[in-house]
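Contents: one structure, followed by commentary.
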Amino acid sequence: MTKRDVKRYYPTPALEKGLDILELFAGTPEGLTVSEVARRLDRTVSEIFRMILCLEQRGYLAQSPNKDRYHLTLRLFRLAQEHPPTKRLVTEALPTMHWLAHKLRQSCHLGIIDGGHVVILAQVDSPESTGFYVKVGSKVDLMHAATGHVILAHQNEDARERAIEEWRLETRKRKPADLEDHLAKILARGHERRASYEVAGVVNISFPVLNLQGQAIAGLTVPFVKRIEDSIGFAEVVSALREASKTISEAMGAIPSIKPSPSGRPLHARKKPRPARIVPQATRELPAP
């Protein structure tokens, strides 16, 4: 901590205590008892109980059905969704996601990287009676998510390394040895296509959502489930997903890509042939007979 940081730091014990509790619950999805929270934070049960009671009244914590444990509610997630960039992303993406789900007869979801995880911001069900979907608000390990890999592959080196370092600190695991090669392959083909890390029979196909700088801010994914007598295959899914991600990206400020012509020149750079200009010939008067 620098001298400047020391000067700007003002102790706020109650706030720090509340944030410690929220961060502890965020990393403990199974929930905790009051005594467990006190022990892990090295606090007394009485001071922790008062803080938990306040957080419960404000809607950040809730008791389990048998009243012995507390767990984090989705209030923090809803607050995050109200953050303008996130709210705009979901607002812009949902109409396109509904179009995509109905075109492919598959579900789709939109995720972002948060710490060492991918958080699902939006999800649209398949119109069919059967299918696979991921619940909104759920968190998936960054290294076990096609959405996370496609985002990492389409970010600059600094952003990518920060995300990987956060994942490493949270999970206490080493970075996969083949990660760099894997991300390079994703970047080369423009999307990720990989069997699900968690569910057999599901193939995740994911495209990036880009911002003005061409950096990935989210990933749009179809967890593809092949149905008997279904004519839609991988090629159709990739094509529709590419179109959908492009639409959402442009809505978020990304510059439309320029498709190269066979000659290598951009299509928009080729000039249309102008119609031949007809110049009337000069006439001369004939001498009178």
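Here are a few things to note about the model shown:
- There is no residue in segment 216-231 that is part of a loop (DSSP other than H, G, I, E, B) and in contact with a helix residue (DSSP H, G or I) (Cβ under 7 Å, 6 or more places away or on another chain).
- When the test is whether a residue is in a helix (DSSP H, G or I), within 26 Å of residue 132 (Cβ to Cβ) and in contact with a strand residue (DSSP E or B) (Cβ under 7 Å, 6 or more places away or on another chain), residue 248 passes it.
- Selection of segment 196-225 for residues being over 13 Å from residue 148 (Cα atoms), in contact (Cβ under 8 Å) with a residue 24 or more places away in the chain and of a type outside the set (A, V, I, L, M, F, W, C) yields 198, 201, 211, 214, 215, 223.
- Within segment 147-163, tally of residues that are at pLDDT below 95 and not in a loop (DSSP other than H, G, I, E, B): 7
- Pair list, Cβ < 6 Å and 6+ apart or interchain, from segment 150-165 residues that are in contact (Cβ under 8 Å) with a residue 12 or more places away in the chain to residues that are outside any helix (DSSP H, G or I) and acidic (Asp, Glu): 150/192
- Of all residues in segment 165-186, exactly one satisfies the criterion of being among the aliphatic types (A, V, I, L, M), over 26 Å from residue 108 (Cβ atoms) and assigned to a helix (DSSP H, G or I), namely 169.
- Selection of segment 15-26 for residues being surrounded by fewer than 11 Cβ atoms within 10 Å (Cβ to Cβ) and either of a type in the set (Asp, Glu) or in contact (Cβ under 8 Å) with a residue 40 or more places away in the chain (or both) yields only 16.
- Test for residue 87: is it free of Cβ contacts under 8 Å to residues at least 60 places away in the same chain and either within 30 Å of residue 154 (Cα to Cα) or crowded, with 16+ Cβ neighbours inside 10 Å (or both): yes
- Residue within segment 96-103 that is in contact with a Ser or Thr (Cβ under 8 Å, 6 or more places away or on another chain) and farther than 19 Å from residue 246 by Cα present: no
- Residues in segment 206-250 that are surrounded by 15 or more Cβ atoms within 10 Å (Cβ to Cβ) and β-branched (Val, Ile, Thr): 209, 217, 221, 222, 225, 232, 237, 238, 247, 248.
- Only residues that are assigned to a loop (DSSP other than H, G, I, E, B), of a type in the set (Gly, Ala, Ser) and modelled with pLDDT under 90 were counted in segment 21-58, giving 1.
- Being touching a helix residue (DSSP H, G or I) at 6+ places or on another chain (Cβ under 9 Å), under 30 Å from residue 58 (Cβ atoms) and not small (Gly, Ala, Ser) is a property that residue 103 lacks.
- Condition check for residue 201: in a loop (DSSP other than H, G, I, E, B) and surrounded by 13 or more Cβ atoms within 10 Å (Cβ to Cβ): no
The values are calculated or read from the model by the stated rules, or taken from the named source; none is laboratory data. A quick note: this is a predicted structure, and the numbers were derived from the prediction, not measured. Cβ sites come from the backbone with ideal geometry, for glycine too, and all protein chains shown count toward neighbours.
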